[in-house]
Every structure is written in structure tokens, then in C-alpha cells.
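Written below as C-alpha cells is the structure these notes are about.
The values are calculated or read from the model by the stated rules, or taken from the named source; none is laboratory data. Values in this document were obtained by computation on a predicted structure and should not be read as measured data. With ideal geometry, Cβ positions are generated from the backbone for all residues, glycine too; neighbour counts draw on all protein chains shown.
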Ligand SMILES: Nc1ncnc2c1ncn2[C@@H]1O[C@H](COP(=O)(O)OP(=O)(O)OP(=O)(O)O)[C@@H](O)[C@H]1O
Ligand SMILES: [Mg+2]
């Protein structure tokens, strides 16, 4: 992590803490800038398709005796492409919100408990058993609670989607908290789904990488940006005996 050196020496020194804040902001802006080029490209595809299908509709309707089924298919494509563009924009809102992040002392377990009911409902709709394993006595972290919850929900959603895509006996997701090695609190979501191949494992945090027909591929990229805005990290490890674990590590308050 590029800003780590500054973080270490920042404790108690206001000018350095301010510098740290500015550096975080710069790295956040850089990520958004990097993503903007990709976003422009990704949005251009559905928009071009929408324009083409709209022109096709016009031509079909101008032709005497044209087939309504053809017009219907073109309209269906327009609706589908619009949904895709809207999905991309919806995911990016979370990222632009991270610009005005409010960092306050946060008890990570409380933040997970607040989500428990929502997560249970979501899991049971997918026929998945959800368990929470919250370590007691964790130190508070300095964070934007809503954004950390967003990351947990992104991880959970991916697990539920992975489990639904490959139905198995006894699908399970575990959300856990623990003290991370070194400084920080780790929040982990593990499932017993298909997991990741070595090839995909290296790419899942890239913006727009998705193996899903209707995925924007932004869930994990945004989670990674949120982690970095907190001076933290996200990562993946294989679950045992099978499945995926995604985690976020947030530095404890004393570091920041
Ligand atoms: N728990 C998991 N098990 C298996 N594969 C996963 C898991 N989580 C993520 N992935 C893989 O990582 C890819 C990227 O995930 P990400 O959340 O960034 O995008 P997405 O889920 O495809 O799209 P979106 O989040 O916009 O719906 C997924 O398409 C999937 O291939
Ligand atoms: Mg996702």
C-alpha cells in the first residue's frame, strides 16, 4: 500500500494526518479517473445498440406489412440494453459517494449485526444457510459505516449468485470478523460454492471483469476502491474444502 509509510508516522501529528487524508483523496481520484475511461467505453456499447435498434424500429414501421414480431424483438433489445446502462450507472453512484465519505469510530461487529436481518432474508430467498461468527473484543475502526456495509453486501451477493449458479447440497455462507495480522480488523464472507479458477482469481477485482451474463463487473472493483479509501485492503482466498472467501481489512483507529 503506497500510503502505508505516511500512515505509520501520522499518529498524533496533525499536519501529517492532513497529508495522509490528502493522499487518500488523491489515490481515490486516481482510481475514479482510471475507471472513467473504462466506464465511457462500457456505456458506449449499450447506447450504440439502443440507437441502432431504434433506427431499425423506424425502418420496420415505415415498411408496409412489416412483421410486428421483428419490431417487438428490437424493442426488447432496447429495454435490455437500457437496463445494462442503468446498472453500470447505479454501481458507479456508490463510488462517487465515497468522495464525501464520513469516517467515524465504528464497531465492526455492530455494523454486521445491523445487516443481519437483511442478509438472512437475502440468503433464505436463495435457499442458503447464513451464519455469523463475530469475534468479541475487537478494537474500533475509523470508517464510513455505510460503505463498509456496502462491501459486505457486495461479497454476500456474489456468494449467493455463485451458489445459485451451481446448485449443490447444503449451500452455506459465513460472515465473520476477526483481528487481522498486524493492525486492523478483518471482515470475511466465505461460501462453499464453486470458488475461483486460478485464472479468474487474478482478475476479479478488475473493473468490468464479470463471468455473469448480466454482471457489470463493478461490485468487487468498487469494494476495492472503498477499502483503499480507508487505508485498507480487500482480497480473495480459496475456502476449504471448497468455495471462496472474500475479505476486507480496515486499519484500527489507533493507526489513523
Ligand atoms: N463468491 C464467489 N464465488 C465465485 N466467483 C465469484 C465470487 N465472487 C466473485 N466472483 C467472480 O468475480 C467476478 C466479479 O465480481 P463482481 O462482483 O466484481 O462483478 P459481478 O458480480 O460479475 O457483477 P455485479 O457485481 O455488477 O453484479 C464475478 O463475475 C465472478 O466470476
Ligand atoms: Mg457482484
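Figures for the structure shown
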quantity	calculated
Exclusive hit being buried (at least 19 other Cβ atoms within 10 Å of the Cβ), closer than 16 Å to residue 106 by Cβ and within 16 Å of ligand 1 (Cβ to nearest atom), set 221, 162, 143, 227	227
Filtered residue count, segment 233-248, keeping only those that are away from ligand 1 (no atom under 12 Å from the Cβ) and buried (at least 24 other Cβ atoms within 10 Å of the Cβ)	1
Subset of segment 149-174 [more than 16 Å from ligand 2 (Cβ to nearest atom) and out of contact with any helix residue (DSSP H, G or I) (no Cβ under 6 Å at 6 or more places or on another chain)]	167, 168, 169, 170, 172, 174
Options 105, 167, 136; residue that is over 21 Å from the mean Cα position of the chain (by Cα) and more than 18 Å from residue 250 (Cβ to Cβ)	167
Cβ-Cβ under 6 Å pairs, at least 6 apart or on other chains, segment 229-247 side under 16 Å from residue 183 (Cα atoms), far side surrounded by fewer than 18 Cβ atoms within 10 Å (Cβ to Cβ) and at pLDDT 95 or above	247/235
Filter result for residue 214 (loosely packed, with under 14 Cβ neighbours inside 10 Å, outside the structural domain of residue 87 (by TED's automatic domain parsing) and within 16 Å of ligand 2 (Cβ to nearest atom))	yes
